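Quick note: the coordinates plus some simple rules give every number you see, no bench work behind them. Please read all numbers here as calculations on a predicted model, not as lab measurements. In this analysis, Cβ positions are derived from the backbone assuming ideal geometry, glycine residues included, and neighbour counts consider all displayed protein chains.
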Amino acid sequence: MKYLILALLLLSACNPLRPEQLKVSSPPPHYAIEAATTSKQLSQLWWLDFNDPKLNQLQQKLFNNNLNLRQALYRLQQLDALQKISGAALWPQLGLSGSYSRNHAPGLIDDTTTTSKSLSLAASYEVDLWHRLSDKKTAATLRQQAGEKDVQALLLNLSGQLSEQYFLAIEQRAQLQLLQQQAKHSSHVLQTITDRYRAGLSTAGEVYQARQNLAAINARSPQYKTALAQAENGIAILLGQLPGTIEIDTIVLPTLTGDVSFGLPADLLLQRPDVAASLLQLEAADHELAAALAARLPAIQLSATLGKSISNLAAGDIEGTIWSLALGVTQPLIDGGRLRAESERQHAIRAEQLAAYQQTLLTAIQEVESALTAQVNSVELAKQLKLRLQINTDALQLTEDNYRYGLIDSDDLLQGQITQLEILTLQLNNQRQQLSNHITLARALGGNWMAAEINQQQKTLNQDGNK
């Protein structure tokens, strides 16, 4: 028997059913689009670059009160517990058992009454012959680490969503203020044309056109009011509050200067928590497959019992120590194909996780490429809009002077005002889009600030749970 045990232990280092080694994709050496770079670097807490105290306060409220984040933290606690459960299988199991019995039986002369009492410790241990148990534990540990990365990814996305909604709300208020200014100016123009019409210097068509312009400007307000309410309600939900409890009264969007310096895709993308989480899930699936394959090989169980037994008999008491040692070797033979099917299932899971990792990596590259492209184009658009605004402002001033002196009718004047409003509207929208691109790039960078924040929130949850 000892030779059998020795042979099995020697074989434990070379599982004949270990899965083949994984080959995973790597990020490309460079991006498809070349972005201008400077020495400017994002802060770890990237929203501080906007220099907006209100946004900073909202971010902290988000960390403390967001309900999706709280759910994720509780799921992380579950993963912690599962990791401990998996690790417990590597340790011997020890249990205490006791029994007490009293029996009475009739006899030919006298009845017989016996009492038996016992107390024992029972230990059991499975030898991790093919690393099945350690693979299970490693898989659980990797899932727990992937869970941490998932929470980090969630926190990063939530902070980005909050900033997006915040700047969207500011833009809508700025658009509404712009409409008010343009409506006021159009009202003056309408009054001027009406006065000229009464003096016989303008036509009724010009008056109607001026009224139509003013009505068109006023008709834009509802859509901005709706978008403002939606953005503010979105912020309220992110903060774990009821809709209608948040008001963003700022009307000035921050201005960013300079471009962000980026490293190579391999340096950047592998920092992203979603990419790291997907890779950890793939590694966990690899260990689960190894454990499933090992389950088809022989297993060794050790057990021992030590205790005390007392029996009170009519002829006298019997008292002594009871013990047992046992070695068990099991080899699955016929199970209806259950173990083979489980191995096939784990093979499929690992293949699925590999495809998921590749998709996550491609998505990460696509997001960065798109954000870089949008950043470059939005900067170019800002230049073109600035030039277009300057040209239209000069042209509009000339048109107003010519109209004032009666050299032209009001058609060019009214069209110039509409064009001016459109350019100013596009400028506000593009300025907010530039901030959105900056947020997207910050989310692509990842960083490590989320880990410290999550640790702080976990401490808070534990303190609340102990109250």
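Summary table below
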{"read-out": "Net +/- balance of residues flanking Trp91 in space, Cβ distance below 12 Å, scoring K and R +1, D and E -1", "value": "0"}
{"read-out": "Glu319-Gln463 FRET efficiency (beta carbon distance; Förster radius 45 Å; 0.05 resolution)", "value": "0.30"}
{"read-out": "Proximal charge balance of Ser309 [Cβ under 9 Å; K/R count +1, D/E count -1]", "value": "+1"}
{"read-out": "Cα gyration tensor category, rounded, prolate or oblate, for region 324-363 with a/c compared to 1.5", "value": "oblate"}
{"read-out": "Inter-probe distance in nm under a simple model that places probes 7 Å from Cα toward Cβ, at Thr194 and Lys225", "value": "2.2 nm"}
{"read-out": "Normalised alpha carbon radius of gyration of region 377-465 [divisor 2.2 N^0.38 Å]", "value": "2.01"}
{"read-out": "Residue-count net charge about Ile318 - beta-carbon cut-off 14 Å; Lys, Arg +1, Asp, Glu -1", "value": "0"}
{"read-out": "Restraint check, Lys61/Lys383; Lys149/Lys459; Lys61/Lys84, Cα-Cα greater than 28 Å", "value": "Lys61/Lys383; Lys61/Lys84"}
{"read-out": "35 Å tail of the calculated P(r), the chain, as % of Cα pairs", "value": "59 percent"}
{"read-out": "Cα-projected label distance for Asn455 with Thr113, points at 7 Å along beta-carbon direction, nm", "value": "6.7 nm"}
{"read-out": "Rel. contact order, % - alpha carbon contacts under 8 angstrom, at least six apart, the chain", "value": "24 percent"}
{"read-out": "Stretchable slack from Ser187 to Ala89, in nm (0.36 nm times residue separation minus alpha-carbon distance)", "value": "27.3 nm"}
